[in-house]
Each structure stands twice: as C-alpha cells, then as structure tokens.
Amino acid sequence: MGCLSRQILQHGEGRYGSDLGTALFKIANADLATSFSVGDAEGDRFLGQNACRFGASEDWTGDLTNGLLTLGSRARQLHGLDSHECGLLTMMRCYDAADRGHILRLFEQAATEPSRFCYSTTILSPENQRQPVFCIGESTGFDGTRGTMVGLFIFPRFQLPTAASVTPL
C-alpha cells in the first residue's frame, strides 16, 4: 500500500483566527523505503536557504514506552511549558480547542504502527496572540512494547491577534 493511499485523517475544521485557513491533519503509513525523498537528510536543502527568514524550526522526540515528548527550548517556551519533557495532553493544552481531538487521534494512530503525520494549529498565548505552528512527525522502532517518535515544529515569524480574519481575494 502506498504512503498516501493510507490516509486516515483528512483536513480538519480548525482555523487560524476567523478565516485564515483550514487546519491540516494527515497521517500516512510510513513505508520508509518508498517515501518521497530528495536526498540524504544531512545534505537535503529542500527548505531553501531563506527558510529561517520566514520561521523558526526545532526538532522534538517522543518515547512511546513512557509517553513523554522532549521539546527544544523554543518549542517549550512557545507551548508555555516549564520542562523540556511533557506528556502529549500537557503540550496540547495551549492549542486551539477545535484542533485538539484531531491531533490526539494522529498521535494515537502513530503510536500503534509506524506512521508519518503532520498537523497545523495555533498556540493561544496568555497575551491573546495566536502563534501558528506546523508539526511533522514520524513513529518508528516498533518491536513489541517499544517505539519512538521524531519530528519537527515550524513556527512562522508572525503572530495573529485573537480576532484576526482574512478575506479571500
């Protein structure tokens, strides 16, 4: 079965502001041998040399044996967390409430079999700002009771006021 033919979850109903866009919730079977690949991970420049101009990115990991996610400093700060290690529900508490169920189902599915997934949502800050966040992840290493997740957060270099809306052209 091909990577994209195994889509389990489709576009969600979450939004940035009022009408900025439709949130993305996808999961696919992780057939690593046939997945899209541009080059080796170390030499791949797919994002382009100007990517940091538009946003910041940071790796994260997850341990399926204990359910803990480990976030980097920027992700920890933007998620409003005191520790680099946290549970999924703790991390998601700052996400748009309409997106939490979709994201939880993505992680639950990825915890049961090797998968690749992505989502987008907004982080709601105490200052009534909405920070868009994109997450790409992969679960691997299943051998009975063990497994891991690795991923990447991308934080665009802008925030939205709570009442933001965009009118299509």
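The values are calculated or read from the model by the stated rules, or taken from the named source; none is laboratory data. Only a predicted model underlies this, so the values are computations on that prediction, with no experimental measurement involved. Don't worry about glycine lacking a Cβ; one is built from the backbone with ideal geometry, like all the others, and counts go over all protein chains shown.
For the reader, a short list of remarks on this structure follows.
- Members of segment 96-140 found to be among the aromatic types (Phe, Trp, Tyr) and farther than 25 Å from Phe54 by Cβ, listed by number: Phe107
- The residue that is nearest to Gly151 (Cα to Cα), counting only those in segment 47-60 that are modelled with pLDDT under 90 and part of a strand (DSSP E or B), is Ala56.
- Boolean, Phe107 is loosely packed, with under 15 Cβ neighbours inside 10 Å and either over 15 Å from Trp60 (Cβ atoms) or touching a helix residue (DSSP H, G or I) at 6+ places or on another chain (Cβ under 7 Å) (or both): no
- In the condition set (1) under 16 Å from the mean Cα position of the chain (by Cα); (2) more than 20 Å from Gly55 (Cα to Cα), His79 is compliant with all but (2).
- Every pair of residues 6+ apart whose Cβ atoms lie under 8 Å, when the first sits in segment 93-120 and is touching a residue at least 24 places away in the same chain (Cβ under 8 Å) while the second is of a type in the set (Asp, Glu): Ala98/Glu13; Ala110/Glu138; Pro114/Glu138; Ser115/Glu138; Arg116/Glu138; Phe117/Glu138; Tyr119/Asp99
- Of the residues making up segment 146-169, those that are of a type outside the set (Lys, Arg) and modelled with pLDDT of 80 or more are Gly147, Thr148, Met149, Val150, Gly151, Leu152, Phe153, Ile154, Phe155, Pro156.
- Here Arg130 meets each of (1) over 26 Å from Phe158 (Cα atoms); (2) in a strand (DSSP E or B); (3) modelled with pLDDT under 90 with one exception, condition (1).
- Residue-level analysis places Gly137 outside the set of residues that are over 21 Å from Asp59 (Cα atoms) and either small (Gly, Ala, Ser) or not in a loop (DSSP other than H, G, I, E, B) (or both).
- Each residue in segment 61-74 was checked for being crowded, with 18+ Cβ neighbours inside 10 Å and modelled with pLDDT under 95, and 1 of them qualify.
- Among residues of segment 82-102 being closer than 19 Å to Arg130 by Cβ and not in a helix (DSSP H, G or I), the one that is nearest to the chain's Cα centre (by Cα) is Tyr95.
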